[in-house]
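For reference, the structure discussed in these notes is given below.
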Amino acid sequence: MKNKSAFLIFIGFASASALAQTRTENTPPQIDPPAVIQVRTIEPQTENGITYACGGVGSNEAAAMKQAASDYDLMVTFAASNGAYIADVNVDLADARGNSILKTTCGGPIMLVDFPEGGKYRVRAETGGRTLTRTAQVRDGGRAKTLAMSWPVNVVDMGLAPGLGAGQSSGASTGTSSGASGDSVR
């Protein structure tokens, strides 16, 4: 029994010695750094009393925008009919009288809008030479209204359109671009 214990102790020391020889004192242990997920900060902008934010490029940023939507009156998503997000969309918002109250280019596929008061608003969005128009009825302090603006795939060149990644999916149903009340396509 003593010989077995001495043998096991010897094997233990020999193994430890062999391991120690394979590592020098100057070599730090190999530890993979944690993955860093970078999400750019989306700064809301205000124009004519309307606060808005555009973003949603990449899945992490899209998730952050969707989470922030509860602080806004309206969330608009821009996508092709196959679900691929579209960015760099020209947006024109108008009040119930048809007066343009905000014109901007949304650099991401999601636009969040906080209006100064509830009411009926027109959202006009253009990409690839095609314009979609929707109306949104928003309430003060109400739940965020969601609009999905979806262009036919043949309108948006899947290989060349800025911000459009083939295979990128919005994860949401986008519906069709015609036939719904208040919708029009040019």
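The values are calculated or read from the model by the stated rules, or taken from the named source; none is laboratory data. Computed from a predicted structure; not experimentally measured. Cβ sites come from the backbone with ideal geometry, for glycine too, and all protein chains shown count toward neighbours.
Quick notes on this structure:
- Within region 136-148, if we keep just the residues that are crowded, with 17+ Cβ neighbours inside 10 Å and touching a Lys or Arg at 6+ places or on another chain (Cβ under 7 Å), the residue that is nearest to Phe78 (Cα to Cα) turns out to be Leu147.
- Region 61-77, subset in contact with an Asp or Glu (Cβ under 9 Å, 6 or more places away or on another chain) and closer than 21 Å to Thr133 by Cβ, residue surrounded by the fewest Cβ atoms within 10 Å (Cβ to Cβ): Tyr72
- Selection status of Ala87, buried (at least 17 other Cβ atoms within 10 Å of the Cβ) and either closer than 17 Å to Gly55 by Cα or modelled with pLDDT of 95 or more (or both): yes
- Test: residue in region 29-39 that is polar (S, T, N, Q) and either loosely packed, with under 10 Cβ neighbours inside 10 Å or modelled with pLDDT of 95 or more (or both): yes
- Out of Leu93, Leu112, Leu102, sole residue that is in contact with a Cys (Cβ under 9 Å, 6 or more places away or on another chain) and either within 23 Å of Asp140 (Cα to Cα) or at pLDDT 95 or above (or both): Leu112
- Residue match in region 125-146 (condition: modelled with pLDDT of 95 or more and either among the basic types (Lys, Arg) or not in a strand (DSSP E or B) (or both)): yes
- Single residue of region 81-100 satisfying the filter (in a strand (DSSP E or B) and under 25 Å from the mean Cα position of the chain (by Cα)) that is farthest from Gln45 (Cα to Cα): Tyr85
- Summed over region 58-77, the residues that are touching a residue at least 40 places away in the same chain (Cβ under 8 Å) and in contact with a strand residue (DSSP E or B) (Cβ under 8 Å, 6 or more places away or on another chain) give a count of 13.
- Looking across region 78-116, the residues that are closer than 16 Å to Thr131 by Cα and charged (D, E, K, R) come down to Asp88, Asp92, Lys103.
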